[in-house]
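Written below as structure tokens is the structure these notes are about.
Values quoted throughout were computed directly from the atomic coordinates according to the rules given, and no laboratory measurement underlies them. All values derive from a computational prediction rather than experimental measurement. Counting neighbours? That spans all protein chains shown, and the Cβs are built from the backbone with ideal geometry, glycine included.
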Amino acid sequence: MKQILLHGFNCARYQPMDETYTATALAAKLDDLGLGRDADTIRIVRHFTEEGLLQTIGAVNTGKGKKRLYARESLLKAIILLQLNHLGLPIGSIKRLVRGLGETTAAELQTDLVGAVTHTLRHPCLVLPIPGGEGCEQPRLVEVQQAYRRGDQNVLVLDLKPYRAQI
């Protein structure tokens, strides 16, 4: 069984955030979590937005003087996306890995991503199928114990508990 566990960073010093973020504020939070690289983070956030991996509130191209706004769920998605990006995965592979995550979470846990990570699951882990592997076909949010009991092979497991306080 091939599984990879990525541990998060210690986020105990952080408090829950506001409901919306500008791209700059979102990038700054990711930098504070140790997931970004200062100037590169804002560029990566914008790239994820252009690729459809992060959604803004309202239009992406809001015009001169108007900033892109992101909801709380975008912070959680950006944490996941940056961890995958740090593994050196190309954007196409990242898209395939996270495709259907929101729908699967809603169907299985009757809540959205943020609700599952912050309230529903005590120790949330994201199980992502590795293309061409056997077992898990859809990305799933599960308890850490279930991530290893499932018997899935060729999956990537991201530990999201360290980020709960920040989301």
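Just list whichever of Lys95/Lys161; Lys29/Lys67; Lys67/Lys161; Lys67/Lys95 have alpha carbons separated by over 19 Å in the model shown. All intermediate terms of the calculation are to be shown ahead of the outcome.
On the way: Lys95/Lys161 23 Å; Lys29/Lys67 17 Å; Lys67/Lys161 30 Å; Lys67/Lys95 25 Å.
As for pairs spanning more than 19 Å Cα to Cα, those are Lys95/Lys161; Lys67/Lys161; Lys67/Lys95.
Where does each of Lys95, Lys77 land when they are ranked from fewest to most other beta-carbon atoms within 10 angstrom?
On the way: Lys95 16, Lys77 21.
Starting with the residue having the fewest Cβ neighbours, the order is Lys95, Lys77.
For a quick check: with amide H placed at 1.01 Å from N, whose amide H comes under 5 Å from Arg68's, ignoring anything fewer than 5 positions away on the same chain?
Ala23
According to the square roots a ≥ b ≥ c of the eigenvalues of the Cα gyration tensor, what is the shape class of the range 64-144, taking rounded for a/c under 1.5, prolate for a/b larger than b/c otherwise, and oblate for the remainder?
Values: a/c = 1.98, a/b = 1.16, b/c = 1.71.
It comes out oblate by the Cα gyration axes.
Can you put Val98, Val127 in order of Cβ neighbours within 10 angstrom, beginning with the fewest?
Values: Val98 17, Val127 21.
Neighbour counts put them in this order, fewest first: Val98, Val127.
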